[in-house]
Every structure is written in structure tokens, then in C-alpha cells.
1. Quote the relative contact order of the chain in percent (integer), defining contacts as alpha-carbon pairs under 8 Å separated by 6+ residues.
2. Arranged by the count of other C-beta atoms within 10 angstrom, fewest first, what order do 222, 205 take?
3. Figure the gain on full extension for residue 199 and residue 232 (residue separation times 0.36 nm, minus the Cα-Cα span) and round it to one decimal in nm.
4. Can you tell me the dipole magnitude for the chain around its Cα centre, using point charges on the Cβ only (Lys, Arg +1; Asp, Glu -1), in Debye to the nearest 20?
5. Name the residue farthest towards the positive end of the dipole of the chain from the options 236, 326, 82, assuming +1 on Cβ of Lys and Arg, -1 on Cβ of Asp and Glu, about the Cα centre.
6. With a cut-off of 8 Å between alpha carbons and a minimum separation of six or more residues, what is the relative contact order of region 205-367 in percent?
7. When the convex hull of the C-alpha atoms of region 10-197 is computed, what volume per residue in Å³ does it have?
8. Return the Rg/Rh value of region 242-327, two decimal places, where both radii are evaluated on C-alpha atoms and Rh is the Kirkwood radius.
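Coordinate-derived values only; no laboratory data. These numbers come from a predicted model, not from an experiment. Positions of Cβ are backbone-derived with ideal geometry, glycine not excepted, and every protein chain shown enters the neighbour counts.
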Amino acid sequence: MPRSPDLSDDIHRYVWDGKVARAAVSPYAFAPADPVMARLDPELRSRVAHPEIRTVYPPVAQAVFRSFGGSRMGLKAFFSAADVAIVAMLWRPGPGGAFAAALYAFHPLPVTETAGQGHLDSLGVALLVASLTWLARQRRAAAGVAFAASVLTKYVSVAALPVLLRNGRTRFLAAAGLFSALVWTIAGRGASPLGGFSEFAMRWDSNSVLYPAVVRLMDWSDLPSRAKGLFIAWKAGHGHPPWTQDVFPFFYSAFFARIALALLLVPALAWITWRVRDPIDGTFAALAALLLLSPTLHPWYLLWLLPFAAMRRNPAFLYLSWAVSLSYALMYPTPLLPRPAVYAIEYVPFVLLLLPGMRRLGARFLRAEPAR
């Protein structure tokens, strides 16, 4: 924890957002580079990445940032405590609990990304695991509040909503909805809590193998240009409505690739919700689908999958949780470790380990057997 983060600069944005909130300004209202914010800690502002973009972090995360003000050590300690809470929840009675807890506790990924780099994901993961724990104990209202808090810490866990709704039912939905509405209303005074989320969704990509492949497919098929030609023809036939000018910037391969992956995610989540009955397995599958189809897969994103991979002893995702740290080498490619080699080491064994499970799922789907 005392070590200064050297693999990521996210914690500087956390501290900045906390200082902005303590100055009685909504972190969602202004980007750090906005002239309005020029006098607030110029040294810290110079360390914030992408200062032209407003914050992307949801309201519960912002409440934590504000609580710890300018303390990087305080934030790292709090997020590390969330990791300890995950270990405690994994260490449940029955077979496999001690193994899962030990695997998470001694895994280098949480130590590096939470205690070392200060990423907030451990808090969202802890709240999600708490939600599943309470759901198993039939405490649906508490599970709903914990799930909503997880989503409002980082939006990743929203992928599990359909699965948990099926298991939590009305009380879960009511508690989650009321908590979310209250927190969102309070946080949204003066500016939308979505902040710079659209910028992140449109621009960011890192360490994904599917996204670059789909971009190349769009380039090869010339689909964006074809769609643009059809849109121009439609526009001319309808009197050139003024709003159509705002659509033209979206006819490019990267945007079409993101839309294609999103369209793949929707039926994947629907299938998981329909077929996977166990809430832990369903949550694991939903989060895995979201992250694998995302244009961005930073190492700390695997923290969302690690507790479930540990509980289920999933060899593919356990391997990826170790190998994903190699993606830092993508920032500094060398002749000894070029980018293709990094991707191959990360993903080829992962896919080979994943194939047996995928074959079983496919066979079950074709036979229309009920899933677990």
C-alpha cells in the first residue's frame, strides 16, 4: 500500500473527484481541464489522465472519494479492506470455501491492482458477492441494496441484473430500485452522473482480441461506407432533416464494431438468464460475457471474475487472471515480447481451456436440456 501507483494513474482521478466534491462542486459538472477548475490543486490536476473528460465514476464511488478527500493511502486501505471482505465471504462452510478464499487471498492480481494501484473494483466486487450471499440466505431486500451499490460503484455488475432479478424477484427489485433512485437523484443535482461515460464507451479500447478483429472485419466488408451511402440516400429522400447531420460522425469501423459486440452481448445475456439457474454461475457467465465482448479488458477488470473462478475452480479464467498482467507489456513492446506474442500467451491457452466447457454448453443447448 505505501508504494506509489506506477502501472495506472486512475487513483489520481479518484483523489481529484474527492477534492472537487469537498469544494462543493459536482464532479460530474466539469472536466479537470475546464478553466473553472484551474485554481483547485494544479499539481494534482496535472497528474489526472484525460483531463478533458468529465469523470466516469458512479455515485457510490464518488461518495467514497469524497469521504477520503485527498488521501491516496486512505483510498488504497479502504479498497484493500474490501478485498479482505471478499476473502471472508468466500471462506464459507462447506467444500471448496477455504480453497476459494485462499486462492483469492494469495493471488497476485488483487494485491497488485488494489493494494498496489488503488483500483476501486474490489469494492464493487465485494458488494456483488455480498448481494449473492444475502440472496442465498433469502434476504432479498439486503441483496438488492448491495447489488445497487455495486452497480453504482462501477457499472460492470449491471450485466448480472437479469440473472439476479430472476432469483431475487419483487423485493430485490424494489430495494435495488429505491436505493438507486435515491442515490442517483442526490448525485445528479446540477449535472448528470453519467458524466464522461459516453466518451469512455466510444473511445477506449485495450487488451481485447475480439474488438480489433471486428474492427478489421468492418474495414474489410466496407460496411460503414455502405451504410453511410444508404443513409445519404434516405436523407435525400426525406428532405434532409437537420438532425441527420449529427449522425454522420458515427459511420466508421470502430463505432460499428462496438455496436456489433453490444448486439452480441444482448442475446448472450438473455441466453444466460434463461438457461443458467444457479445465481453464482449466472453472475459469473454474465460478467464474463460482458468483459470478453468489451473493447477494454484491463488487468484489474479480471477482479470481477476472480471470486467466481475461484469458487468454481474454472481453469480458463484462473489462467487468464494470471496471464492478464502481461497486457502491461502492450504499453512497452520490445523485440523480445512483441504485441502478437503478448496476445498469444494471454489468450491461446485461455481459449483452449475454455473450449471443453463451451462444447458442453453447446451440446446442452442443442438438446434443450435445462441448465444448472
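1. 17
2. Arranged by neighbour count, lowest to highest, 222, 205 become 222, 205.
3. Value of the extension gain: 9.3 nm.
4. Using Cβ point charges on Lys, Arg, Asp and Glu, the chain gives about 1140 debye.
5. Result: 82.
6. Values: 127 pairs, mean separation 38.2, N = 163.
Answer for region 205-367 is 23 percent.
7. On the way: hull volume 20.6 nm³, N = 188.
Dividing the Cα hull volume of region 10-197 by its residue count gives 109 Å³.
8. Using Cα coordinates only, the ratio equals 1.11.
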